[in-house]
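Reviewing the structure listed below.
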Protein chains: 4
Amino acid sequence: MPKDANFRQLTDRLVEFRDTRDWRQFHSLKNLMLSLNLEASELLELAQWRDDAQIESAIEDPDFRDRLGEECADVLLYLLLICERAGIDLGQEADAKIIRNGEKYPVEISRGNSRKYTDL
Amino acid sequence: MPKDANFRQLTDRLVEFRDTRDWRQFHSLKNLMLSLNLEASELLELAQWRDDAQIESAIEDPDFRDRLGEECADVLLYLLLICERAGIDLGQEADAKIIRNGEKYPVEISRGNSRKYTDL
Amino acid sequence: MPKDANFRQLTDRLVEFRDTRDWRQFHSLKNLMLSLNLEASELLELAQWRDDAQIESAIEDPDFRDRLGEECADVLLYLLLICERAGIDLGQEADAKIIRNGEKYPVEISRGNSRKYTDL
Amino acid sequence: MPKDANFRQLTDRLVEFRDTRDWRQFHSLKNLMLSLNLEASELLELAQWRDDAQIESAIEDPDFRDRLGEECADVLLYLLLICERAGIDLGQEADAKIIRNGEKYPVEISRGNSRKYTDL
C-alpha cells in the first residue's frame, strides 16, 4: 500500500477481514467503542512511569517506535470499524473538525497558550 | 476535501494549524497520548447507560451521528499528531496490522468466534 | 484485616510499601492519575466482547470473580495513593458525594429513569 | 461520617441511594465498568496540558483539590457498586493485593527502580 493510503482503501480491507471471519455479529457499536478505549489505553501504557524527556528519547529506539506504531494502528482500525458501522466519513469529519477548531481558536488569541477555548 | 482524503493531507493541515498557533511546545508525546485517551473516553461516553440495541437505534438520529463523528475525528486528530511527532506512517502501520491480524486469526479457526488469538 | 477495613489502614500499609521501596519519587500525581486509568482499563477489558448477560453469568465463575476483584483492588490502590499525595480524605469525599448526588437526583423525579441530572 | 469511614458503611449508603431510585436495573456490571472508566478519565483530565510540576503546584489551590477529591469519589463510588453487584469484598481484595505486590516486588531488588516486576 502506498504512503498516501486513504481511509476508504483501509476500510475496504478491514471489512473484508471482518466478513470472511463472520465477525460483524460481535461488532456492535458499543463493543467497538469499548475496544477502541482498550487500545487507546495500551497506547498510553507506553508512557507509564516515563516523563516527557524519557518518552522523547525512547522514540529513538526502533523497538519502542514499532510498539507505538502498532498501538496507533490498533486505535485507527477500531475508528474505521466504528465509522463503517455508523455510516460516518472519517476523513470528512476530521477535515471539518480542523476547520471548526480554527474558528474556536483564532490565531491572534490562542497563539502560544494552551487554554481551552472556553477559557480564552 | 474529497472523500478519499488521505493521512498525509490531513497531517499537513494539522501541522499548519498547530504551528501557526505555536502549540508544538505543548505537544509532548506524553501529553498527546494522554489527550487521545480523553477523546476516546468522550467517544465511549456516547454509549453510557445505553445497551447495544439503543445505540444501534440512536445512530439513526442525525444529532447522535454528528456527535459520534466529531468524537471519532478528535481521536483521529490526536493519532495523526502522535504519528507526526514520532515519525510513524500511520497508513502503513494500519495496513501492516491488518496483514498481521490475518496471520494471527486464520479464517478456518477464527470464523464465527470472538476468542482472542492466544485462546484459539 | 477485618471486613470493615478502612481507608486509613489501607493507606498506611500502602505508604509503608511505597516508602520501603523508595518509590515516592516515581509517584507524581500525573503518573498516579495515568496509572489509575490503565488499571481502570484492565478492569474494563473483562467486559470486552461480552454482553450484559454473559458478564452476569461470568461472575459465577470463581476465576473471573478473582480477576475482577484484583482489578478493582488495583484501581483502589491508585486512588488511595493519589489521595495521600494530595491530602484528600477519600472516605469523606465519597460520603459528601453521595449527599450531593441525592440533591441532584431527587427521588420523585429520578426514580426509574437513567437520565443525567442536567436532562431531568 | 468519621474519618475512618469504611467500605461497608459507604456501600450501605450507596445501595440505599440506588434502590430508592430504582436504578439497579441500569447497573449491569458492564455499564458500571464502563462508567468507572469515564470517571477515571475525568480524573485524568485534570492532568491534561499540565506537567508534573504544574500539577503539584495546582494541588495547593483549594478549587483544584476539590475537583480532584470529587473525581476520586466518583471513581470510588463505581468501584463500590461493582463490588456490591459481584459479591466482592473490596477492602479484603486491596489488602491481599498489597501482600501480593510485596512478593512480586521484593524490597532488595525493587528499591529505587520503577521497572515492572516482569523486567526485574
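The values are calculated or read from the model by the stated rules, or taken from the named source; none is laboratory data. None of these values were measured; they are calculated from a predicted model. So basically every Cβ, Gly included, is an ideal-geometry build from the backbone, and we count neighbours across all protein chains shown. For the accessible areas, the whole protein counts, side chains as well, though only heavy atoms, and no ligand, DNA or RNA atoms are used. Shrake-Rupley method; radii C 1.70, N 1.55, O 1.52, S 1.80 Å.
A few remarks follow.
- The phi torsions of the range A:70-76, fed into the Karplus equation with coefficients 6.51, -1.76 and 1.60 and a -60° offset, translate into couplings of 5, 5, 4, 4, 4, 5, 4 Hz, rounded to whole numbers, with Gly and Pro shown as x.
- Label spacing, shortest first and in nm, from B:Asp89 to its equivalents in the remaining copies (7 angstrom along Cα→Cβ): 2.7, 5.8, 6.0
- Take each residue of peptide A:53-61, count the partner chain Cβ atoms within 10 Å of its Cβ, and average: the result is 3.
- Stokes-Einstein D (µm²/s) once Rh is taken as the Kirkwood radius of the protein assembly as shown over alpha-carbon pairs, at 10 °C in 1.306 mPa s: 67 µm²/s
- Sorting the segments A:81-93, D:44-56 by their mean number of nearby beta carbons within 10 angstrom, highest to lowest, gives A:81-93, D:44-56.
- Counting Lys and Arg as +1 and Asp and Glu as -1 over every other residue whose Cβ lies under 13 Å from the Cβ of D:Arg115, the net charge comes to +4.
- A Förster distance of 45 Å, applied to the separation of the beta-carbon atoms of C:Arg111 and A:Lys104, puts the FRET efficiency at 0.70.
- Residue-wise HN-Hα couplings along the range B:83-95, as the Karplus relation 6.51 cos²θ - 1.76 cosθ + 1.60 with θ = phi - 60° gives them from phi, are 5, 5, 5, 9, x, 9, 8, 4, x, 5, 4, 5, 4 Hz; Gly and Pro carry x.
- Residues whose amide H falls under 5 Å from that of C:Asp22, counting only those 5 or more places apart or on a different chain, are D:Gly112, with hydrogens built in the peptide plane.
- To put it simply, the accessible area of chain D at a 1.4 Å probe is 42 percent carbon and sulfur.
- The B and A chains share an interface that buries close to 6700 Å² of accessible area, total over both sides, probe 1.4 Å.
- Separation of alpha-carbon centers, the range A:79-99 and the range B:77-120, rounded to whole Å: 19 Å
- Spin-label pair C:Glu16/C:Asp119, simplified geometry with 7 Å Cα→Cβ offset, distance in nm: 4.8 nm
- Converting the Cα gyration tensor eigenvalues of chain C into ellipsoid dimensions via √(5λ) gives semi-axes, longest first, of 29, 23, 15 Å.
- Copy-to-copy label distances for A:Glu103, where each label lies 7 Å from Cα along Cα-to-Cβ, are 3.7, 4.7, 6.0 nm in order of increasing length.
- Pairwise label distance in nanometres, B:Ala53 with B:Arg65, each label 7 Å out on the Cα-Cβ vector: 2.2 nm
- Packing rank of B:58-69, C:32-43, where each peptide gets the mean count of other beta carbons within 10 Å, highest leading: C:32-43, B:58-69
- Across peptide C:18-28, the average count of Cβ atoms from other chains found within 10 Å of a residue's Cβ is 4.
- Sorting A:6-13, D:101-108 by average packing, meaning the other beta carbons within 10 Å per residue, from highest down gives A:6-13, D:101-108.
- Peptide D:75-83, shielding by other chains (average Cβ, 10 Å cutoff): 6
- Dipole orientation for the range D:40-120: of the candidates D:Gln54, D:Ala96, D:Leu80, D:Ala96 has the Cα lying most toward the positive pole (charges on Cβ; Lys, Arg +1; Asp, Glu -1).
- Annotation: per residue accessible area for the range B:1-118 equals 44 Å², rounded to a whole number [probe 1.4 Å, protein chains only].
- When the alpha-carbon atoms of the range B:38-107 are used, the pair Rg, Dmax equals 15.8, 40 angstrom.
- Coupling constants for the range A:19-31 follow from the phi torsions by the Karplus curve (6.51 cos²θ - 1.76 cosθ + 1.60, θ = phi - 60°), and in residue order they are 6, 5, 9, 6, 9, 4, 4, 8, 8, 4, 4, 4, 5 Hz; glycine and proline get x.
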